[in-house]
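Just below is one structure, and these are the notes that go with it.
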Amino acid sequence: MKREDLLVIKLGGASLENEAVVQSLAKDIKKLHDLGYTMLLIHGGGPAINAALTERNIIWEFVDGQRKTTPEMMKVIEATLFGIVNRRLQTHFSALGVPVLGISGSDMGILRCTPLNDELGLVGSVEGVNKDLLKKIVDLKVVPLITPVGSDEKGNKFNINADMAAMHIATGLKAKNLIYMTDQKGIWDQNKETIKQIDALGLYQLMQTKVVQGGMLVKVKSVVQALREGVEEVDIIDARAENSLYDLVHSKKTLGTRCYQN
């Protein structure tokens, strides 16, 4: 597994609700796999979770972009992310011949967690990644599709922010590139214009001045940590743009926001 050919890709939850977007992503992943790129995919699923919780009359709230998670909610979140979102993505990828393996981060210690803090409940802070297992999977030319659920040493399950999960997997495997595919064109500046390139210090300043908030705040935090821990480049691109993943990776086009080390 060559570091320069290793791509850790986070598939954003909102964009995954659009079947045409998922089809386009699947085609790009198929093309890149056929070209020899090694990929690990981590998916979100916020809208699907919202729908499942609403259906059960469960009220939720976010704190600094993270969903407070009760034991009741955790069961719904896991069932939705792995049982619905992951399975649906597997179906699309497999139909195009992508050798995808759907797995949960709670399987075999892929994402080992402790509670992030008391206020958020069962939201996990990733303490370790089962690098050896993931390396064995990708060495088989299989594409892991990972649900962002983790577990502690006692087997308790935790909800993990998908951006943070992707970052920990990228740093754990020493990936050169981390890609966030979302439903925005990139990171905005104070004038709501897409920033083309920015370094870790610039990202930190965006957080300090509260230009980025909510879900994007968590994403930017994860980008900064990724860059500090050895990932050379993090790209945030619009998953809705056709061929965006292929164009970014193989055609080397400048898309969205490119983040780099200081």
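Determine, yes or no, whether Ile77 is among the aliphatic types (A, V, I, L, M), part of a helix (DSSP H, G or I) and within 21 Å of Asp163 (Cβ to Cβ). So Ile77 fits the description; yes.
Taking the conditions exactly as written (small (Gly, Ala, Ser), within 16 Å of Leu40 (Cα to Cα) and within 16 Å of the chain's Cα centre (by Cα)), does Gly124 satisfy them or not?
On the way: small (Gly, Ala, Ser): yes; within 16 Å of Leu40 (Cα to Cα): no; within 16 Å of the chain's Cα centre (by Cα): yes.
No.
Yes/no per residue for (1) free of Cβ contacts under 8 Å to residues at least 60 places away in the same chain; (2) among the polar types (S, T, N, Q):
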site: Gly128; (1), (2): yes, no
site: Leu145; (1), (2): no, no
site: Lys154; (1), (2): yes, no
site: Asn161; (1), (2): no, yes
site: Thr182; (1), (2): no, yes
site: Leu201; (1), (2): no, no
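Taken over segment 49-78, the criterion of being free of Cβ contacts under 8 Å to residues at least 12 places away in the same chain and basic (Lys, Arg) is satisfied by Lys75 alone.
Here Glu72, Glu19, Glu55 are screened, and the one residue that is open to solvent by 50 Å² or more (accessible area, probe 1.4 Å) and modelled with pLDDT under 95 is Glu19. A count restricted to segment 27-58 and to residues that are within 18 Å of the chain's Cα centre (by Cα), β-branched (Val, Ile, Thr) and over 20 Å from Lys176 (Cβ atoms) stands at 1. When the residues of segment 213-262 are narrowed to those that are of a type in the set (Gly, Ala, Ser) and part of a loop (DSSP other than H, G, I, E, B), which ends up surrounded by the fewest Cβ atoms within 10 Å (Cβ to Cβ)? Looking at residues that are of a type in the set (Gly, Ala, Ser) and part of a loop (DSSP other than H, G, I, E, B), I get Ser251.
So Lys210 passes all but one of these: (1) touching a residue at least 40 places away in the same chain (Cβ under 8 Å); (2) in a loop (DSSP other than H, G, I, E, B). Which condition number does it fail? Among (1) touching a residue at least 40 places away in the same chain (Cβ under 8 Å); (2) in a loop (DSSP other than H, G, I, E, B), the lone unmet condition for Lys210 is (1).
Which fully enclosed strands (runs of 3 or more DSSP E) of segment 87-201 have 3 or more residues being open to solvent by less than 10 Å² (accessible area, probe 1.4 Å)?
Working: elements: 100-104, 111-115, 124-129, 143-147, 149-151, 157-159, 177-182, 197-199.
The qualifying strands (runs of 3 or more DSSP E) are 143-147, 177-182.
Taking the listed residues Gly44, Gly12, the one that is at pLDDT below 90 and open to solvent by less than 10 Å² (accessible area, probe 1.4 Å) is Gly12, with no other qualifying.
Scan segment 22-41 for residues that are in a helix (DSSP H, G or I) and open to solvent by less than 10 Å² (accessible area, probe 1.4 Å) and the total you get is 6. Against the conditions (1) over 16 Å from Glu233 (Cβ atoms); (2) open to solvent by 70 Å² or more (accessible area, probe 1.4 Å); (3) outside any helix (DSSP H, G or I), Gln205 satisfies every one except (3).
The values are calculated or read from the model by the stated rules, or taken from the named source; none is laboratory data. Treat the numbers as computed from the prediction; the structure is a model and nothing was measured. Every residue, glycine as well, gets a Cβ built from its backbone with ideal geometry; the counts of neighbours run over all protein chains shown. Ligands, DNA and RNA are stripped out before the accessible areas are found, and what is left, the full protein with its side chains, is counted by its heavy atoms. Shrake-Rupley method; radii C 1.70, N 1.55, O 1.52, S 1.80 Å.
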